[in-house]
Amino acid sequence: MSEMYGQLSVAVLGGSLKEIKKLTQMALDGGASAQQVLDLGLLPGMDEVGKRFKVGEMFIPEVLLSARTMTAAMELLKPLLAKSEGGGRGTVVIGTVQGDLHNIGKNLVAMMLEGAGFTVVDLGIDVKPQAFLNAVKQHKPKLLGMSALLTTTMPRMGETIHALEEAGVRAQVKVMVGGAPVTADFVAKIRADAYAANAGAAVEVARALVGD
């Protein structure tokens with residue numbers, strides 16, 4: 001079975017959409033649990049994608065293809081994981097803040113987080129602080145991720161954190177922010193928990209925040 005797990009990792013790394021569902025089903029038919037397929041086959045492949053992207057050995061189109069490959073496998077695993085109450089590292093609510101319509105980076109982060117075993121609730125673009133707050137109350141995520149690509153929209157991040165504080169739920173969720181104009185100083189100023197410079201770093205930061 002270890003050889004099968006290796007093939008799954010290679011398929012994710014290579015973005016083999018045609019192969020991934022067949023390999024996933026073969027592993028399940030061979031007696032592997034959905035959690036084993038995820039933890040021993042798919043996630044190691046996606047972890048390697050993140051490492052290569054971070055050092056410039058993989059580029060956005062390749063990463064997106066790997067993420068789509070991971071998602072295709074997860075379509076088979078999710079019903080089984082739900083039955084076993086497994087399914088990964090927890091929930092992340094993510095979105096681009098109010099006034100900002102950029103979504104490429106946010107979408108890439110969302111796909112890579114899902115590929116890393118998180119359940120992702122993507123609120124989309126132009127998300128108001130109240131909408132982030134409502135989602136935190138509804139989904140009770142471990143993480144809240146906010147993106148901004150405009151300096152004019154960055155203050156919405158601080159406003160969202162303030163809304164979480166006012167509602168008494170700030171302590172319940174870790175807040176991760178990102179986007180080209182965001183800096184470590186800004187993160188400290190708005191009292192966020194962490195900053196990720198790119199999608200590969202976002203996965204590492206997210207895992208660190210949830211204690212993985």
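The values are calculated or read from the model by the stated rules, or taken from the named source; none is laboratory data. Everything numeric in this text was worked out from a predicted model, so none of it was measured. So basically every Cβ, Gly included, is an ideal-geometry build from the backbone, and we count neighbours across all protein chains shown.
Ile104 versus (1) under 23 Å from Asp47 (Cβ atoms); (2) of a type outside the set (D, E, K, R); (3) over 14 Å from the mean Cα position of the chain (by Cα); (4) surrounded by fewer than 16 Cβ atoms within 10 Å (Cβ to Cβ): which is the lone unmet condition?
Result: Ile104 passes all but (3).
Among what's in region 112-143 and is free of Cβ contacts under 8 Å to residues at least 60 places away in the same chain and touching a Leu at 6+ places or on another chain (Cβ under 7 Å), pick the residue that is nearest to Thr69 (Cα to Cα).
By that ranking, first place goes to Val120.
Only residues that are touching a Phe, Trp or Tyr at 6+ places or on another chain (Cβ under 9 Å), closer than 20 Å to Asn107 by Cβ and not in a helix (DSSP H, G or I): list them for region 171-212, please.
Met176, Val177, Gly178, Val182, Tyr195, Asn198
What's the number of the only condition in (1) in contact with a Leu (Cβ under 6 Å, 6 or more places away or on another chain); (2) within 29 Å of Ile104 (Cβ to Cβ) that Ala34 fails to meet?
(2)
Name the single residue that is surrounded by the most Cβ atoms within 10 Å (Cβ to Cβ) among those in region 37-47 being out of contact with any Phe, Trp or Tyr (no Cβ under 8 Å at 6 or more places or on another chain) and either among the β-branched types (Val, Ile, Thr) or modelled with pLDDT of 90 or more (or both). Even if it seems obvious, please write down each step before you answer.
Taking region 37-47 and keeping what is out of contact with any Phe, Trp or Tyr (no Cβ under 8 Å at 6 or more places or on another chain), we get 38-39, 42-43, 45-47.
From what's left, either among the β-branched types (Val, Ile, Thr) or modelled with pLDDT of 90 or more (or both): 42, 45.
Details: Leu42: 27, Gly45: 24.
Result: Leu42.
Which ranges mark the helices (runs of 4 or more DSSP H) fully within region 1-85 that have 1 or more residues being free of Cβ contacts under 8 Å to residues at least 60 places away in the same chain and polar (S, T, N, Q)?
Numbers: elements: 2-14, 17-29, 43-54, 60-84.
Per the criteria, 2-14, 17-29, 60-84.
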